[in-house]
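This report refers to the structure that appears directly beneath it.
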Amino acid sequence: MSVSDRELLQRSASGDRAAFDAFVERHGADVFRYARWVAGDETDAEDVLQQTFLDAWNAAGDARAENGARAWLVSIARRNALRVSSRRGAAREQSLEELGELAGFGDPEHTPERVARAAEQRGLVEDALAALEPEEREILVLRDVEELPGASVAELLGLSLAAQKSRLHRARLRLAAQLRRHCGLEQQA
């Protein structure tokens, strides 16, 4: 019988290192994957991972793990990833029209589906994601990779559901634009 996250955290709060090691073993790969996408860099992701589990160890007695610890760990990892990404400068804001144009909307030769297939064939999706701003990568990973519901993502990011949808749409457009650029399908200015 598997021990619940809640029980592992309660035992960890009492100083049981083996229980915490089991907790890290259970969730480490998922937290690292999330941190890698959000931080955009292996080294930064490792730092986020370490800090996340250090914070989890220190807060084990106060953990919100009624339905498993995944959302709780993601919120800790997110805080740590934001600290790492705050070292980077802010990107220039682009209009939705400009992003749609860059993504190729309305271009019959290079539909988003063709662009996505070409990118997948060339193995460039990771490169395109890595080129996004951390906030864009984060919302795409939470919704499209981790498949968290929109309401959960909105709560985690401190956004209204409408703002979460808008940010997700903008991030998807920017990803499509990056995929076009990496595939050599961008429009010539």
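Residue-by-condition table, conditions (1) out of contact with any Leu (no Cβ under 9 Å at 6 or more places or on another chain); (2) modelled with pLDDT of 90 or more; (3) in the same structural domain as E133 (by TED's automatic domain parsing):
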| position | (1), (2), (3) |
| --- | --- |
| R11 | yes, yes, no |
| H27 | no, yes, no |
| T43 | yes, no, no |
| Q50 | yes, yes, no |
| F53 | no, yes, no |
| A56 | no, yes, no |
| N67 | yes, no, no |
| V74 | no, no, no |
| A81 | yes, no, no |
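Among the residues of segment 29-41, which ones are of a type outside the set (D, E) and either at pLDDT 90 or above or out of contact with any Lys or Arg (no Cβ under 7 Å at 6 or more places or on another chain) (or both)?
Hits for segment 29-41 are A29, V31, F32, R33, Y34, A35, R36, A39.
Residues A45, A29, A13: which one is more than 28 Å from P149 (Cβ to Cβ) and small (G, A, S)?
A13
Conditions (1) buried (at least 17 other Cβ atoms within 10 Å of the Cβ); (2) within 30 Å of S86 (Cα to Cα); (3) under 23 Å from the mean Cα position of the chain (by Cα), marked per residue:
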site	(1), (2), (3)
R11	yes, no, no
E25	no, yes, yes
V31	yes, yes, yes
Q50	no, yes, yes
A59	no, yes, yes
L73	yes, yes, yes
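Mind checking which helices (runs of 4 or more DSSP H) fall wholly inside segment 1-88 and carry at least 2 residues that are farther than 21 Å from L140 by Cα?
Fully inside segment 1-88 and qualifying: 5-13, 17-39, 42-58.
For V38, are the conditions met, namely being crowded, with 22+ Cβ neighbours inside 10 Å and within 18 Å of E155 (Cβ to Cβ)?
Considered against the rule, which asks whether it is crowded, with 22+ Cβ neighbours inside 10 Å and within 18 Å of E155 (Cβ to Cβ), V38 comes out as yes.
Considering only segment 33-46, state which residues are closer than 12 Å to S85 by Cα and not β-branched (V, I, T).
Result: A35, R36, W37, A39, G40, D41, D44, A45.
The values are calculated or read from the model by the stated rules, or taken from the named source; none is laboratory data. What you are looking at is a predicted structure, and each value in this text was computed from that prediction instead of being measured. Don't worry about glycine lacking a Cβ; one is built from the backbone with ideal geometry, like all the others, and counts go over all protein chains shown.
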